[in-house]
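Worksheet: the structure to be examined is printed underneath.
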Amino acid sequence: MNRFFKPIKYLGILTVVIVISAVITYIINPNLSDTLNSVSSNVPKSVSQKSGLQLVVAYIFNNGFKVPIGMLILSIIPIRFLYWIQPLFTAILPGILFGIAFRYSVAKAFIILISSLPHMLLEIFAFCLWMVALDQFNKWIRYKISKKKSADTNLLKELKLLLSPYIKYVLPLIVIAAFTETYVADWISHILS
């Protein structure tokens, strides 16, 4: 039961982060060109210079492999929630863009918001599922180090438990999100425009 509600809870937290970052950006009203340059500089070049199926593959490679491996590396450090850094960053960036969009045109902002919701929710939910798996792994590492509680499983078993949800749920959701971001978002945006 906890494994079902925890990713939903994490999705709720990251959604609140998106809303808060959008509201703060809207209130602060930053310089548009500086902010967009800053945000676009954080987009990997492997993604920003591709289109079509190459873009799908770039999204899958970045969001399906690079980001989860980075989160996994941070989860090895026996500090709780350190592996949340990347998903939080993933949530803050669209919030900033939504805040800017709503500041300049409410109609266009709604088009951007509606067209980006499907892939954004799929991608963030995939990260939430991965964070739940990393919670268990990080907890096991902390128990092994502190020896306060028994961690009677070995590393190989823990890695197997960790990779199972990644292969079953996280990677397929990232693949669907990549196709959605590349094709469906433009289609929705075109229809609404």
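Of C128, I79, I176, which is farthest on the positive side of the dipole of the chain, counting Cα position, with +1 on Lys and Arg Cβ, -1 on Asp and Glu Cβ, and the Cα centre as origin?
Working it through, the farthest residue towards the positive pole turns out to be I79.
So if I take the centroid of the Cα atoms in the stretch 6-22 and the same for the stretch 99-133, what is the distance between those two points in Å?
About 11 Å separates the Cα centre of the stretch 6-22 from the one of the stretch 99-133.
Kindly give Rg over Rh for the chain, based on alpha-carbon atoms, with the Kirkwood expression for the hydrodynamic radius.
Rounded to two decimals, Rg over Rh is 1.02.
With axes computed from alpha carbons, what is the tilt in degrees of helix 155-165 against the longest principal axis of the chain, rounded to the nearest 10 within 0 to 90?
30 degrees
Given a 1.4 Å probe and every protein chain left where it sits, what share in percent of the accessible area of the chain is carbon and sulfur?
Of all accessible area on the chain, carbon and sulfur atoms account for 70 percent.
Heavy-atom accessible area per residue, the chain, 1.4 Å probe: how many Å²?
58 Å²
For the stretch 112-188, rounded, prolate or oblate, judged on the Cα gyration tensor with a ≥ b ≥ c (square roots of eigenvalues), a/c < 1.5 rounded, else prolate if a/b > b/c?
Prolate, because a/c is 1.5 or more and a/b exceeds b/c.
Kindly provide log₁₀ I(q)/I(0) values, in the same order as q = 0.16, 0.24, 0.30 Å⁻¹, from the Debye equation applied to equal alpha-carbon scatterers of the stretch 151-193.
Normalising to I(0) and taking log10 leaves -0.57, -0.79, -0.92.
How far is helix 32-41 tilted, in degrees, relative to the longest principal axis of the Cα atoms in the chain, given as a value from 0 to 90 rounded to the nearest 10?
Result, in degrees: 40.
Tell me what the chain gives for mean residue ellipticity at 222 nm when only DSSP H runs of n ≥ 4 count, each as -39,500 (n - 2.57), the sum divided by the residue total, rounded to 500 deg cm²/dmol.
One gets -25500 deg cm²/dmol as the mean residue ellipticity at 222 nm.
Would you look at the GNM of the chain, springs on alpha carbons closer than 10 Å, and say which of K50, K144, K157 moves the most?
K157
Over the chain, what relative contact order in percent results from Cα pairs under 8 Å that are six or more residues apart?
32 percent
Run down the aspartates and glutamates and flag those whose C-alpha is under 14 Å from the C-alpha of K66, throwing out any fewer than 8 positions away in its chain.
In chain and number order, the partners are E123.
The values are calculated or read from the model by the stated rules, or taken from the named source; none is laboratory data. Just so it is clear, the structure is predicted and the values come from calculations on it, not from any experiment. FYI the Cβ positions are ideal-geometry reconstructions off the backbone, even for glycines, and counts take in every protein chain you see. For accessibility, only protein heavy atoms count, side chains too; no ligands or nucleic acids. Shrake-Rupley method; radii C 1.70, N 1.55, O 1.52, S 1.80 Å.
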